[in-house]
Amino acid sequence: MGISVSPLDPADQATLDAVHRMAVAAQAVDEPDLPPLCRRRFEAPLRHPMPGVDTHWWVARLDGVPAGWARLYLHTLDNTENASVELMVDPAYRRRGVGRALHEHGLRLLREHGGKRLVGSTVTALPGDESRQLPGAAFAAAVGAKPALADVRRRLDVTALDRPRLAGLLAEAREASAGYRGVRWSDHTPEEYVADVAYLEGRLLLDAPLGDLEWEQEKVDAERIRGTERALDARGVRRYSAGAVHEASGRLVAWSMVSLDASSTWHAWQQITIVDPDHRGHRLGLLTKIENLEHALAHEPELRVIDTYNAAANTHMIAINEQLGYRPAAGSTDWQLTI
Ligand SMILES: CC(C)(COP(=O)(O)OP(=O)(O)OC[C@H]1O[C@@H](n2cnc3c(N)ncnc32)[C@H](O)[C@@H]1OP(=O)(O)O)[C@@H](O)C(=O)NCCC(=O)NCCS
């Protein structure tokens, strides 16, 4: 029979089970320190897509047995020539051409939709840990993709926080940020800040180093923020935010968010942290991050670790993270294939 590729049928529970099991197995090999992928989040693109994302999901079978899967995310509000891709093969069925078959199907879909670029990430070893063999990079290079951006995942061990040091940093940040006041919220952005959150989120890609990735500034408005919040609600993702309001203007000018998947109480992701360029130099990045750590811990007593990704070249953000106690845990590379 060989390899066959077909769209994932959302009503086919057995195949969905197999696809999730493969994703958990693949992650357990590449990144065993992460919690198993949350099933609710994993399946959500089928019924609760993020605004501006059109998801295509397909499965490869080897002699009739599910052996791998891939998803293509076509962007409809911005970056309409770009597609992000996730592609995974069951560790039990590798090096038999399943990955290549999934990739070729994705390329066909991309061409049908007039896309020009595919972007995907692979886990890579940290410098100095070359003993680890990770297949993603070899595969990406074999299909002609180019490494475009190097990232590092850093981890904060919340059980080993240096509390006196954090208290000192927080005091310094408060002193440096006279004229700004801290605000906190969970899950939904208060209505008075939603336009500012949209502005901050929309300009993130202007500031974060993108290496050779061809990715344009995203068009984010209040409606898109609310749509994203609904999609995250459907995934059961718990979010904690801290921000800084510029008292003279009443605007929210700095924002940091941490999130936890529905399936985890011990693991969180540090998501966005951004300070409006007009308000930099007042330690607002450090302030919102430390305040948000307190905020998340107050609601999540079992929280033990927080992971975050930074571009290896993002020296300012990395310096803040290292001050808080984040340390490198894994490498990651974003690959780009232009067709
Ligand atoms: C990367 C991955 C998808 C490859 O799946 P696969 O079915 O084994 O890939 P294929 O058999 O189609 O391999 C295609 C080519 O990739 C290269 N390749 C794949 N795995 C490799 C490895 N472990 N070492 C060296 N080269 C490798 C080879 O050139 C291979 O061709 P060859 O077997 O004729 O030499 C799979 O290992 C995986 O799921 N990894 C985790 C997730 C990931 O990194 N996904 C990729 C990016 S989104």
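The values are calculated or read from the model by the stated rules, or taken from the named source; none is laboratory data. This is a predicted model, so every value here is computed, not measured. Virtual Cβ from ideal backbone geometry, glycine too; neighbours counted across all protein chains shown. Please note that ligands, DNA and RNA were not included when accessible areas were found on the heavy atoms of the full protein model with its side chains. Shrake-Rupley method; radii C 1.70, N 1.55, O 1.52, S 1.80 Å.
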Checklist outcome for this item: Measuring from the longest principal axis of the C-alpha atoms of the chain, the long axis of helix 315-324 (C-alpha) lies at a number of degrees, nearest 10, equal to 70
Next on the checklist: Please compute the Kirkwood hydrodynamic radius over the chain, one decimal place, Å, based on all pairs of different Cα atoms.
Outcome noted: 21.3
Checklist outcome for this item: The Rg/Rh figure for the range 174-248, Cα atoms and Kirkwood Rh, to two decimals is 1.02
Checklist entry - Roughly how compact is the range 129-193, stated as its Cα Rg over 2.2 N^0.38 Å to two decimals? => result 1.96
Item to check | Radius of gyration and Dmax over the Cα atoms of the range 96-168, both given in Å | outcome: 18.8, 57
Checklist entry - Hey, got a sec? Which trypsin sites (Lys or Arg not before Pro) in the range 1-87 land in a DSSP loop and have at most 15 other Cβ atoms within 10 Å? => result Arg47
Checklist outcome for this item: HN-Hα couplings for the range 243-250 via Karplus (6.51, -1.76, 1.60; θ = phi - 60°), in whole Hz with x for Gly/Pro, come out as x, 10, 9, 6, 5, 5, 9, x
Checklist outcome for this item: extent check for the range 75-133: Cα max minus min per principal axis, descending, whole Å, gives 40, 28, 13
Next on the checklist: With a cap of 11 neighbouring Cβ atoms within 10 Å, and only residues DSSP puts in a loop, list the GluC sites (Glu not before Pro) found in the range 76-138.
Outcome noted: Glu130
Checklist entry - Pick from Pro36, Pro49, Pro127: which residue has the top mean-square fluctuation in a GNM of the chain where Cα pairs under 10 Å get a spring? => result Pro127
Checklist entry - What accessible area per residue, rounded to a whole number of Å², is obtained for the range 97-189 using a probe radius of 1.4 Å? => result 53
Item to check | Solvent-free Debye scattering, log10 I(q)/I(0), computed from the Cα coordinates of the range 87-213 at q = 0.09, 0.13, 0.14, 0.21 Å⁻¹ | outcome: -0.54, -0.94, -1.00, -1.32
Checklist entry - If you roll a 1.4 Å probe over the chain with all protein chains in place, what percent of the accessible area is carbon or sulfur? => result 52
Checklist entry - Going by alpha carbons, how many degrees (0 to 90, nearest 10) lie between the helix axis of 13-30 and the longest principal axis of the chain? => result 70
Checklist entry - What ranking of Thr265, Thr124, Thr315 comes out by heavy-atom accessible area, probe 1.4 Å, highest first? => result Thr315, Thr265, Thr124
Checklist entry - Which of the lysines could a cross-linker bridge to Lys116, judged by Cα under 19 Å and excluding same-chain residues fewer than eight apart? => result Lys146
Next on the checklist: Please give the Cα centre distance for the range 109-152 versus the range 229-287, rounded to the nearest Å.
Outcome noted: 28
Item to check | Under the Karplus curve 6.51 cos²θ - 1.76 cosθ + 1.60, θ = phi - 60°, whole-Hz ³J(HN,Hα) for the range 286-303, x wherever Gly or Pro sits | outcome: 5, 4, 5, 5, 5, 4, 6, 4, 4, 4, 5, 5, 5, 9, 10, x, 8, 4
Next on the checklist: Please compute, for the alpha-carbon atoms of the range 181-339, the extent along each of the three principal axes and give them in descending order in Å.
Outcome noted: 43, 37, 34
Checklist entry - Rank Asp278, Asp151, Asp129 by accessible area, highest first, at a 1.4 Å probe radius? => result Asp278, Asp129, Asp151
Next on the checklist: Tell me the volume per residue, in Å³, of the convex hull enclosing the alpha carbons of the range 1-99.
Outcome noted: 113
Next on the checklist: If the elastic network links every pair of Cα atoms under 10 Å, which of Glu223, Glu31, Glu191 fluctuates the most in the Gaussian network model of the chain?
Outcome noted: Glu191
Checklist entry - Of Asp307, Asp63, Asp187, which is the most mobile in a GNM of the chain whose springs link Cα atoms less than 10 angstrom apart? => result Asp63
Item to check | Value of [θ]222 nm, deg cm²/dmol, for the chain, DSSP H segments ≥ 4, -39500 (n - 2.57) each, nearest 500 | outcome: -10000 deg cm²/dmol
